[in-house]
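Chemist: Sharing a structure with you now.
Where a number appears in this text, it was derived from the coordinates with a stated rule and is not lab data. Quick caveat: nothing in here was measured; it's all calculated off a predicted structure. Here the Cβ positions follow ideal geometry from the backbone for every residue, glycine too, while neighbour counts run over all protein chains shown.
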């Protein structure tokens, strides 16, 4: 491979033909040969794109891995992140301690950059919005397309420019699930996130504010608190991305709402998303939401 310069944010490395470090243990593929070809990194680059929410974000993540190893972004422990770490080790990008192999990691950056310049096919919109459901564990079997939590997390994972998320009630376990896809959207894709929240009573408010602060450490987000007259409240539960795709339903974005209680929701299409986001703007214009809770 001829020498060339790869430039990514805060990173500039000159790539040269690689030599295998005697200190690096590289796993071997099915053929028994070390996983050290550039083509072997394409599936890993696509997996990073899935984890971070897009091919451009994968390039930035790969650059950070080259500098800092896995500690840069593999903070969550959902199935995708576990799979990504396994492939990073298997492909020789990091060692089993999470430390980067600079030559191999810079190859991964190059692969991610190339893929980022290739247009991905756009899926045809569904003719009929799907209904999604949740039920008590162990009662009925739902397909992946019917699962309410799958739609909520997918909407967040696919966001490229904006996310509007709201609901009346929250819990720690629910945030743990949301943060696996929400924090990468904020940190790596610079998605503009707006949260619509109800003030809660007692210790629940402190818990909610702590969770909001955790998201704010990942990047700037906008928080709007309901300040309308009692006993009215924000009761809708919704997640909308890019004004074109979303979820609206009965389930609070809690662990029980997404996978526990009997709940139902629908997938929102572009026209519905734009109307609902416009509706929220009208409510803000009517002074029903403010930057701080009362």
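Chemist: Roughly how many whole Å is it from the C-alpha centroid of the stretch 154-169 to that of the stretch 193-230?
Modeler: The stretch 154-169 and the stretch 193-230 have Cα centres spaced 15 Å from each other.
Chemist: Next up: Can you classify the stretch 225-284 as rounded, prolate or oblate using the Cα gyration tensor, where a ≥ b ≥ c are the square roots of its eigenvalues, rounded means a/c under 1.5, and otherwise it's prolate if a/b beats b/c and oblate if not?
Modeler: In terms of gyration-tensor shape, oblate.
Chemist: Could you tell me what fraction of 2.2 N^0.38 Å the Cα radius of gyration of the stretch 131-290 comes to, as a two-decimal ratio?
Modeler: 0.99
Chemist: For the residues 247, 169, what sequence is obtained by ranking on other C-beta atoms within 10 Å, fewest first?
Modeler: Ascending Cβ contact count within 10 Å gives the list 169, 247.
Chemist: Further question: What number, in nm² with one decimal, is the all-direction average of the projected area of the convex hull of the alpha-carbon atoms of the stretch 175-257?
Modeler: Approximately 6.1 nm², given one-decimal rounding.
Chemist: May I pose another question? Could you rank the peptides 152-160, 268-276, 81-89 by their average count of other C-beta atoms within 10 Å per residue, with the highest value first?
Modeler: Top of the packing list down: 152-160, 81-89, 268-276.
Chemist: Same structure again: Quick check: pseudo-label points 7 Å beyond the Cα along Cα→Cβ at residue 114 and residue 291, how many nm apart are they?
Modeler: In this crude label model, residue 114 to residue 291 measures out at 4.8 nm.
Chemist: Shape verdict for the stretch 108-222, please, from the Cα gyration tensor: rounded (a/c under 1.5), prolate (a/b greater than b/c) or oblate.
Modeler: In terms of gyration-tensor shape, oblate.
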